[in-house]
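Participant: My structure is below; once you've seen it, I'll send some questions.
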Amino acid sequence: MTLEEKASLMSGANFWNTKAIERLNIPGIMLTDGPHGLRKQGGKADHLGLNKSLPATCFPTAATLANSWDRQLIREVGRTIGKEAASEKVSVLLGPGLNIKRNPLCGRNFEYFSEDPYLTGELASEMVKGIQSNGISACPKHFAVNSQEHMRMTIDEIVDERSLRELYLEGFRRVVEKGQPKTIMTSYNKVNGTFANENTYLLQDILYGEWGFDGVVVTDWGGNNDRVAGLAAGNQLEMPSTNGITDREIVQAVRSKELAEEVLDEAVDRLLELVFATRLDNQAAPSVDYEKHHAEAVEAAKRSIVLLKNDERQLPLRRDKKVAIIGDFARNPRYQGAGSSLINPAKLSNAWDVLSESGLPIVGYAQGFKRMGGPQERLRREAVALAKQADTVLLFLGLDEGSEAEGVDREHLRLRENQLDLLHSLTEIDAHIVVILAGGGAIEMPFARDVKAIVHTYLSGQGSAEALTSILLGDYNPSGKLSETFPIAYGDVSSAPYYPGKEATAEHIEGIFIGYRYFDTVDKPVLFPFGYGLSYTTFAYSELTADRHQATFTLTNTGAVAGEEVAQLYIQKRESSIFRAKRELKGFEKVFLEPGESKRVTIKLEERDFSYFNPTIGAWAVEPGAYDIQIGSSIQLIQLEKRITLEGASVPCEHTKEQFPHYYSGHVHEVKAAEYKRLLGYEPPSPYWDPKRDLGLNDTIAQARYKNVLGKAIYGVVLFFNKFFDAVNKPLLANNVYFVMNMPFRQIDRFTGGKISRQQILKLLKWINR
């Protein structure tokens, strides 16, 4: 191969395909979005879901599927999505997403599994196995520490080594070692000062070195900063096409001896291995039965929906009680997120239609509120009048399409005021209220005490209406359990004072204490705890035996109906000399039981399950002493406990009570600058932009507001369109304009394929900086 041919393979041919070299019989392959369904665009390509894609099965999002805690189910979902991808000649499916939910405001949390790295890694591994069973590649993303959408292309995630290892990398480690993906996607952001895509420590030392990854690293779309530095660090494929701009940079770097040609050769070898392992141009496409796949989507949704409250056994619904259906979401379902994961569903129904055919005595439907907010007295009065005719009100509430999306974070955890006002009005009549929520994550619920039942569907995909109906009628016994903690109020969240990073950096001052690791450690009351979910039956736990290798116990269905229970194993270290979470999830099993049936359940343990990352020695270590093996139905409801002792020599670790008093107690809201600096081991960089500094290629339009009239004008125009689209209820367009506002100048020439050249961008920056 010529040097130019080798360099050409390091970037895309267009938005979705790698380059082919006909002279050498090297085919191109297609990569496309697909964390919860295939998104192959039929027309002009874009990354943020503006243009419609081909019909495909829309499965529940990762945040929803995680509530199933069902490894086999998630593998089957992956298998089906992978089959649809293969049928469309897609070789690399860009998913699953497995970033850790540091904070519930992250706008892309609906695409991620959990706040817990063990659960994330276990479930994402199964998704990868399922996808790759079709002979194609999954692509876990976004490696690493992509914890916010605001300023995601430039933000520097400042995180201490222990938190990095135990939280933000651990899920990826499990996926690499257990799922063996053929590709991994890097994130846009920096990690401790270096862009993830050119971070030698993350890519060479950890991913390829410690974990033994043997696949291809691909950028997120437009995620390249310095092409030569990225290639040297371990990235092989830049997407999308740059019309040869960065290919020429590679050629020049090799010729000037800045980059060893052997590095390029190794990258080409890795890419060609992927191309020839996943090429589909020489194979017949598998046939797809979309009706069968729809039934699978319904089953996945049923197993993932969570029953949060069921006072006086309000559910299942009685068929002799009159029912009113209220809320815009009943007729216009919110079943998926927005952005690059936006699926064109092959089939879609709504709860109103499905419930109307169920045989329930339904008295009618009322919209109740305007979906995008704002008062509407007529809609409220109509809903209240309808509710007065019913014994039970099914009230469909949720987060609208503008609340959760790629490129923008949530502003709060509340429902819109008009929804809460309607609910308050309904609580003043005699009907029993069942709230049915739609949304990709945690929601504040000041109304929880005022209603009889709460069902959270999350974003359940195209089969959500059928799945919900089967649960409401008792045809299916709900088995979902929360994969994240629901706080009473956002201010209770450990990272709330620090999130998001507004300008230059995002400081992870809370350290390892995110999600239940914080709430449980400091005994902070929550709305619903991690691992929580109700059933129409009851379960009993008994006869625990445990050692360092496994725990075995008996699980019995003590109720009157068949059901599934998610038994969870937590480990708690007693009298630790270092700061750590009170307990951590280290195993789980989902078990189906007939009424009265018992089963012995065994959960295996590994040495890593007892380990912490010791930054003093730069390695994982096991602290000797007493450990409690706990079996629970949630983190707050521990049913069985067995203490074991691990022998061994103590390894020095600096994370002691004397050095880190607030981390040792878990009260991370009280951490001061000096203690955080000790945790990092260095003085953190300023979290703010310097408004006096000239703007460069890695700066954004958002920063132009600090410059001259031209800069302020450019920022003002973009901001105007963001606000305009929001005002006319076009949330997806508003979010995409916001994405442009936060995009660095260096990406403009690459996203436009050179139509706006680098020289033109540099000239614009020169004018702005005058």
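The values are calculated or read from the model by the stated rules, or taken from the named source; none is laboratory data. Since we're looking at a predicted model, the values are computed, not measured. Glycine gets a Cβ as well: all are built from the backbone with ideal geometry, and neighbour counts include every protein chain shown. Side chains are part of the model used for accessible areas, which takes the heavy atoms of the whole protein and leaves out ligands, DNA and RNA. Shrake-Rupley method; radii C 1.70, N 1.55, O 1.52, S 1.80 Å.
Participant: So for the chain, taking the charge dipole from beta-carbon charges (+1 Lys/Arg, -1 Asp/Glu), which of A300, Y541, F15 sits furthest toward the positive end?
Facilitator: Of A300, Y541, F15, it is F15.
Participant: With charges only on Cβ, +1 for K and R and -1 for D and E, what is the dipole size of the chain about its Cα centre, in debye, rounded to 20?
Facilitator: Working: 90 positive and 99 negative charges, 347 e Å.
My answer is approximately 1660 debye.
Participant: Between helix 290-304 and the chain, what is the angle of the helix's C-alpha long axis to the longest principal axis, kept within 0 to 90° and rounded to the nearest 10?
Facilitator: 70
Participant: Let me check against my output: what whole-number percent is the relative contact order of segment 2-145, with C-alpha pairs under 8 Å and at least 6 apart? Could the numbers behind the result be given before it?
Facilitator: On the way: 264 pairs, mean separation 34.2, N = 144.
Result for segment 2-145 is 24 percent.
Participant: Within segment 237-305, list the trypsin sites (Lys or Arg not before Pro) lying in a DSSP loop whose Cβ has at most 11 other Cβ atoms in a 10 Å radius. Kindly include the intermediate steps, with their values, before the conclusion.
Facilitator: On the way: sites: R248, R255, K257, R270, R279, K292, K302, R303; in loops: K257, R279.
Those satisfying the criteria are K257.
Participant: Mind jotting down the distance between the C-alpha centroids of segment 116-163 and segment 177-191, whole Å?
Facilitator: Centre-to-centre (Cα) distance: 6 Å.
Participant: Also, I was wondering about something else. Can you work out ³J(HN,Hα) from phi for every residue in segment 587-592, in order, using Karplus 6.51 cos²θ - 1.76 cosθ + 1.60 and θ = phi - 60°, giving whole Hz and x for Gly and Pro?
Facilitator: For segment 587-592, the Karplus-derived couplings read x, 6, 9, 9, 10, 8 Hz, x marking Gly and Pro.
Participant: Ignoring everything except DSSP H segments at least 4 long, calculate the 222 nm mean residue ellipticity for the chain; use -39,500 (n - 2.57) per segment, divide by total residues, nearest 500. The partial results should precede the final answer.
Facilitator: Values: 20 runs with 199 residues, N = 770.
So the helix-based figure for the chain works out to -7500 deg cm²/dmol.
Participant: Along the charge dipole of segment 106-226, pointing to its positive end and built from +1/-1 on Cβ of Lys, Arg, Asp and Glu, which listed residue (V191, N134, Y118) has its Cα farthest out?
Facilitator: N134
Participant: Can you list residues from other chains, or at least 5 along the same chain, whose modelled amide H is less than 5 Å from the amide H of K582?
Facilitator: T521
Participant: Using only Cα atoms, find the angle between the long axis of helix 758-768 and the longest principal axis of the chain, and express it within 0 to 90 degrees, rounded to the nearest 10.
Facilitator: Orientation of helix 758-768: about 80 degrees from the principal axis.
Participant: Still on this structure, I have one more. Carbon and sulfur: what percent of the chain's accessible surface (1.4 Å probe)? Kindly include the intermediate steps, with their values, before the conclusion.
Facilitator: Values: 13780 of 27800 Å².
Answer for the chain is 50 percent, counting heavy atoms of protein chains only.
Participant: If ligands, DNA and RNA are left out, what is the accessible area of L697 with a 1.4 Å probe, given in Å² to the nearest 10?
Facilitator: 50
Participant: Using Cα-Cα distances under 8 Å and only pairs 6 or more residues apart, what relative contact order does the chain have, in percent? Let's see the in-between values first.
Facilitator: Working: 1856 pairs, mean separation 106.5, N = 770.
Relative contact order comes out at 14 percent.
Participant: Turning to a different aspect of this structure: Return one number: the angle in degrees, 0 to 90 and rounded to the nearest 10, between the long axis of the Cα atoms of helix 261-278 and the longest principal axis of the Cα atoms of the chain.
Facilitator: 40
Participant: Report ³J(HN,Hα) in whole Hz for each residue of segment 736-747, in order, from the Karplus equation J = 6.51 cos²θ - 1.76 cosθ + 1.60 where θ = phi - 60°; Gly and Pro get x.
Facilitator: Once rounded to whole Hz, the list reads 6, 5, 4, 4, 4, 4, 9, 7, x, 4, 4, 8.
Participant: While we're here: Based on the alpha-carbon gyration tensor of segment 52-160, what equivalent-ellipsoid semi-axes (square roots of 5 times the eigenvalues) come out, in whole Å, largest first? Spell out each step's value before the answer.
Facilitator: Numbers: eigenvalues 122, 52, 31 Å².
Equivalent ellipsoid semi-axes, largest first: 25, 16, 12 Å.
Participant: Can you give the percent of C-alpha pairs in segment 72-129 whose distance is more than 15 Å?
Facilitator: Values: 860 of 1653 pairs.
Result: 52 percent of Cα pairs exceed 15 Å.
Participant: Which of I629, V354, C106 sits closest to the plus end of the dipole of the chain, meaning its Cα is farthest towards the positive end, when Lys and Arg get +1 and Asp and Glu get -1 on the C-beta?
Facilitator: V354
Participant: Let me ask something else. Computed from these coordinates, which is semi-axes √(5λ) of the Cα gyration tensor in Å: (i) 47, 29, 22; (ii) 40, 32, 27; (iii) 61, 27, 23?
Facilitator: (ii)
Participant: Just the Cα atoms of segment 206-353: what Rg and Dmax do they give in Å?
Facilitator: Considering segment 206-353 through its Cα atoms, Rg and Dmax are 25.3, 82 Å.
Participant: Return one whole number: the accessible area per residue of the chain in Å², for a 1.4 Å probe.
Facilitator: That works out to 36 Å² for each residue.
Participant: Can you work out ³J(HN,Hα) from phi for every residue in segment 167-182, in order, using Karplus 6.51 cos²θ - 1.76 cosθ + 1.60 and θ = phi - 60°, giving whole Hz and x for Gly and Pro?
Facilitator: After applying 6.51 cos²θ - 1.76 cosθ + 1.60, I find 10, 7, 9, 5, x, 5, 4, 4, 5, 5, 7, 9, x, 6, x, 8 Hz.
Participant: Another question, if that's okay. So which of K101/K481; K309/K586; K19/K182; K712/K766 end up more than 20 Å apart by C-alpha? Please report the intermediate quantities before stating the final value.
Facilitator: Numbers: K101/K481 16 Å; K309/K586 27 Å; K19/K182 18 Å; K712/K766 14 Å.
The pairs that break the limit, which is 20 Å between Cα atoms, are K309/K586.
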